[in-house]
Amino acid sequence: MMVVENTIDTFDSPSEERIAKDRYQTDAMWIYMGPQHPFSHGLWTLKVRVDGEIVTDAEPVIGYLHRGWEKEAENREYPKIIPMADRLCYSASMTYTHLYCMTVEKALGIEVPEKAEYIRIVADEICRIQSHLMWLAAVGTDLGNLTIFLWGMREREYWLDLNVRLCGQRMTTNYPRIGGVRNDTTDIFDRDVMRCTERFEKALWDLIDMIDSSSIYVSRMKGISRLTREQCANLGVTGPAMRGCGVDFDLRRDDPYGKYENIDFEVPVLTEGDTYARYMVRIEEMFQSCEIIRQAVRKINALGKNAPYRLKVPSKVPAGKAFCKLEDPRGESLMYLISDGTDKPFRLKVRAPLFTNISASRPMVKGVRVADVPAVMAMIDVCMGETDR
Amino acid sequence: MPIKYLDKYPKNPARSLWVLKPMWVSLRLFFRTVRHRPVTILYPYEKEWIPDNYRGRPGLRFDKCVGCGVCSRMCPTGCIKMVEVADDDGKMVMRPQVFVGRCAFCGYCAEYCPVNAMTVTPEYELAELFKEDMFYGPRRLNFKDTTPGMEVHLEVTLQSDIDAGSPEKRYHPHEIDKPVVDEDACIGCKKCQKVCPVDAVEMVEKGLNAKGKPKLVPLFDPKKCICCNNCVIDCPKDAIHIEEVL
């Protein structure tokens with residue numbers, strides 16, 4: 001990623017003079033979108049300053065869902081943090097638990113069995129697909145297409161059923177463990193997954209035919225809210241929102257964790273940088289995830305039924321520091337662990353992708369119409385659980 | 001691996017058809033749903049099939065439970081409490097009680113139970129009118145159709161086994177770990193013998209104490225021990241620790 005000169009505005013709150021100036025200006029006003037607003041998925045506020053129909057300024061306000069997650073994690077033993085990491089974001093629960101387990105494994109200096117790594121890849125990609133489907137459903141309602149909400153949710157159910165077969169729970173999965181995974185795959189899981197991916201690809205083409213060839217739907221997204229690669233790099237935007245702006249970077253390919261280096265897949269990148277490009281990147285990612293699942297399931301089958309999948313780990317982590325990063329459905333998430341030799345972490349820092357992506361909302365919504373703000377903000381797939389922590 | 005959607009779709013001639021393609025897709029779905037049944041079910045009357053490993057509320061097999069308290073210590077939300085109840089013979093024993101209102105359905109109690117007495121159950125309709133009704137006592141926790149599939153096994157492999165070239169699965173830490181007593185720190189108070197849920201501790205005379213009198217130290221029966229840590233926690237002199245084999 002290249003970083004060039006700072007092209008973005010500063011994030012200072014409006015000065016006294018500007019507020020005083022605004023007070024007597026009748027053509028510009030501040031609108032509070034949120035915390036209870038149909039457009040905001042989760043509790044957050046987007047203050048937008050409008051001049052007629054056009055947004056001239058914006059400021060995100062977050063913190064309504066702060067639960068003290070990081071402090072709470074300091075008072076728990078290492079295995080007990082895994083169910084909590086599920087609750088960081090309910091639709092990315094598998095990736096957050098995977099990330100936490102990877103971080104502790106790095107601090108312990110152990111190597112996870114190969115089978116567990118491939119099972120985690122399958123679980124991660126199922127999580128990515130169902131998270132993207134959830135996003136598609138939300139986009140549908142934001143753009144006034146309720147059919148796509150129902151269809152997206154219907155397809156998501158099949159993936160959640162696979163989660164139940166894998167670990168017994170639909171959303172807060174609690175599946176990865178420090179040193180492996182909770183349980184082995186069930187007998188017919190590979191068959192179920194293969195069928196589901198094949199079925200899903202057909203269904204996804206149906207979904208695309210339904211919305212993407214409708215010019216009414218597409219015209220709401222095309223050409224609005226352009227971001228450049230330089231802005232993306234400077235703002236720290238990651239994930240599909242960044243790849244839609246022409247930055248060719250994916251942690252799964254460029255800094256592979258687990259066993260992703262053995263898996264062959266493409267990273268979709270578009271250079272348009274508008275809302276529609278971010279939309280198309282996510283749709284393509286779902287197809288690529290299906291392919292990754294198929295390859296990983298084949299590798300699991302090749303390893304055989306009796307391969308080990310969980311290591312026994314010590315209850316105490318030696319003093320030290322470790323950090324790991326991972327490609328979340330929404331971007332790049334990172335955990336930083338400082339351990340002091342006891343069975344509880346001294347500090348556990350989470351870098352949520354949405355925290356930085358939301359901070360990019362000002363250059364994103366600048367210049368668009370008020371009616372297009374939901375369409376713009378839906379493309380970063382807002383999840384407040386991980387943002388406020 | 002080619003890119004599927006991005007290569008194929010923007011060149012698709014169907015995109016210039018305004019809204020005709022989506023209309024055709026929804027019409028096709030209409031005919032399909034008329035022909036076949038819809039995917040929805042009438043929920044309160046018919047229920048979806050759920051597999052055995054579904055993590056509903058925790059279940060307890062009263063007779064198998066030894067009352068070691070591992071579930072209550074492993075619970076991340078602290079919703080499990082050990083309570084005293086009469087067993088079938090009228091003897092008072094310690095058994096877990098679950099406050100389902102706080103349960104996070106993580107399944108740790110079933111996973112870490114050394115005797116697999118705790119299970120997951122497919123019961124998920126747990127709404128009650130009063131908070132008191134959400135306390136599931138040891139008898140109420142029993143799920144009558146418990147199958148072996150509802151047990152959660154903790155199967156681990158040792159790194160030393162993998163290094164030695166024979167990666168076999170061990171079924172519980174208690175098959176591997178052993179409590180070890182520091183005989184100099186031990187004062188022979190027999191507390192470990194009292195708190196042991198499976199009577200794996202036997203006090204034997206060994207050596208002499210500072211006053212020159214014979215001294216009692218615990219001897220652990222490795223076959224009976226379930227590695228529940230009760231003796232480690234309750235030892236007044238911190239003389240016992242679990243030796244972790246990795």
Kindly check whether there is at least one residue in region A:352-369 that is closer than 30 Å to A:GLU114 by Cβ, among the small types (Gly, Ala, Ser) and touching a residue at least 60 places away in the same chain (Cβ under 8 Å). yes
Qualifying position, being of a type in the set (Asp, Glu) and within 31 Å of the chain's Cα centre (by Cα), among B:GLU244, B:GLU183: B:GLU244
Taking region B:145-166, which residues are assigned to a loop (DSSP other than H, G, I, E, B), touching an Asp or Glu at 6+ places or on another chain (Cβ under 7 Å) and surrounded by fewer than 17 Cβ atoms within 10 Å (Cβ to Cβ)? B:THR147
Would you be able to say whether some residue in region A:106-115 is more than 11 Å from chain B (Cβ to nearest Cβ), over 30 Å from B:MET23 (Cα atoms), within 18 Å of the chain's Cα centre (by Cα) and assigned to a helix (DSSP H, G or I)? no
Hey, among the residues in region A:160-189 that are among the basic types (Lys, Arg) and part of a loop (DSSP other than H, G, I, E, B), which one's farthest from A:LEU337 (Cα to Cα)? A:ARG170
Residue that is surrounded by the fewest Cβ atoms within 10 Å (Cβ to Cβ), among those in region A:234-253 that are away from every other protein chain (no Cβ under 14 Å) and small (Gly, Ala, Ser): A:GLY236
Cβ-Cβ below 6 Å, separation at least six or inter-chain, first residue in region B:125-143 and within 21 Å of B:LYS64 (Cα to Cα), second among the hydroxyl-bearing types (Ser, Thr, Tyr): which pairs? B:PHE143/B:THR121
Just name the residue that is farthest from B:PRO51 (Cα to Cα) out of those in region A:184-213 that are free of Cβ contacts under 8 Å to residues at least 40 places away in the same chain and facing chain B (nearest Cβ under 9 Å). A:SER213
Taking B:LYS237, is it surrounded by fewer than 19 Cβ atoms within 10 Å (Cβ to Cβ) and within 17 Å of B:PRO114 (Cβ to Cβ)? no
Under 30 Å from A:VAL313 (Cα atoms) and more than 8 Å from every other protein chain (Cβ to nearest Cβ): does that describe A:LEU160? yes
Report yes if some residue within region A:300-313 is more than 13 Å from every other protein chain (Cβ to nearest Cβ) and either without any contact (Cβ under 8 Å) to a residue 60 or more places away in the chain or buried (at least 18 other Cβ atoms within 10 Å of the Cβ) (or both); otherwise report no. yes
Can you work out which of the residues in region A:66-95 that are hydrophobic (A, V, I, L, M, F, W, C) and more than 10 Å from chain B (Cβ to nearest Cβ) is surrounded by the fewest Cβ atoms within 10 Å (Cβ to Cβ)? A:TRP69
Quickly run through region A:194-233 and pick out the residues that are closer than 30 Å to A:LYS106 by Cα and either over 21 Å from the mean Cα position of the chain (by Cα) or surrounded by fewer than 20 Cβ atoms within 10 Å (Cβ to Cβ) (or both). A:ALA233
Would region A:322-339 turn up any residue that is buried (at least 20 other Cβ atoms within 10 Å of the Cβ), closer than 18 Å to A:LYS80 by Cβ and of a type outside the set (Ser, Thr, Tyr)? yes
Suppose we filter B:ARG55, B:ARG102, B:ARG95 for residues that are of a type outside the set (Val, Ile, Thr), in contact with a strand residue (DSSP E or B) (Cβ under 7 Å, 6 or more places away or on another chain) and under 23 Å from A:TYR90 (Cβ atoms); which single one remains? B:ARG55
Of the candidates A:VAL61, A:VAL104, A:VAL122, A:VAL50, the one satisfying the condition of being crowded, with 24+ Cβ neighbours inside 10 Å and farther than 30 Å from B:VAL70 by Cα is A:VAL122
How about region B:187-230: which of its residues are loosely packed, with under 12 Cβ neighbours inside 10 Å and in contact with a Leu (Cβ under 8 Å, 6 or more places away or on another chain)? B:VAL204, B:GLU205, B:PRO214
Scanning for something small (Gly, Ala, Ser), in a loop (DSSP other than H, G, I, E, B) and at pLDDT below 70, does region A:19-42 turn up at least one residue? no
Residue among A:VAL218, A:VAL122 that is within 11 Å of chain B (Cβ to nearest Cβ) and part of a helix (DSSP H, G or I): A:VAL218
Please work out which one of (1) at positive phi; (2) out of contact with any Cys (no Cβ under 8 Å at 6 or more places or on another chain); (3) of a type in the set (Gly, Ala, Ser) is the condition A:SER289 fails and give its number. (1)
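Quick grid of which residues meet (1) touching a helix residue (DSSP H, G or I) at 6+ places or on another chain (Cβ under 8 Å); (2) not assigned by TED's automatic domain parsing to the domain that holds B:MET118; (3) not acidic (Asp, Glu):
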residue: B:TRP18; (1), (2), (3): yes, yes, yes
residue: B:PRO22; (1), (2), (3): yes, yes, yes
residue: B:LEU27; (1), (2), (3): no, yes, yes
residue: B:PRO44; (1), (2), (3): no, yes, yes
residue: B:ASP63; (1), (2), (3): no, no, no
residue: B:GLY69; (1), (2), (3): yes, no, yes
residue: B:MET92; (1), (2), (3): no, no, yes
If you take the residues in region B:21-48 that are of a type in the set (A, V, I, L, M, F, W, C), within 10 Å of chain A (Cβ to nearest Cβ) and in a helix (DSSP H, G or I), which one is nearest to the chain's Cα centre (by Cα)? B:LEU29
Show the residue pairs that are 6+ apart or on different chains and have beta-carbon atoms under 6 Å apart, the first residue being within region A:46-71 and touching a residue at least 40 places away in the same chain (Cβ under 8 Å) and farther than 12 Å from A:ALA28 by Cβ, the second being surrounded by 18 or more Cβ atoms within 10 Å (Cβ to Cβ) and among the β-branched types (Val, Ile, Thr). A:ALA58/A:VAL48; A:ALA58/A:VAL365; A:PRO60/A:ILE358; A:ILE62/A:THR387
Filter region B:96-120 for residues that are in contact with a helix residue (DSSP H, G or I) (Cβ under 6 Å, 6 or more places away or on another chain) and not hydrophobic (A, V, I, L, M, F, W, C); which is surrounded by the fewest Cβ atoms within 10 Å (Cβ to Cβ)? B:GLY101
Any residue at all in region A:255-276 that's at negative phi, away from chain B (no Cβ under 14 Å) and among the β-branched types (Val, Ile, Thr)? yes
Somewhere in region B:177-189, is a residue part of a loop (DSSP other than H, G, I, E, B), modelled with pLDDT of 80 or more and farther than 18 Å from B:VAL217 by Cα? yes
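The values are calculated or read from the model by the stated rules, or taken from the named source; none is laboratory data. Since we're looking at a predicted model, the values are computed, not measured. When we count neighbours, we look across all protein chains shown, and the Cβ atoms used for this are built from the backbone with ideal geometry, even at glycine.
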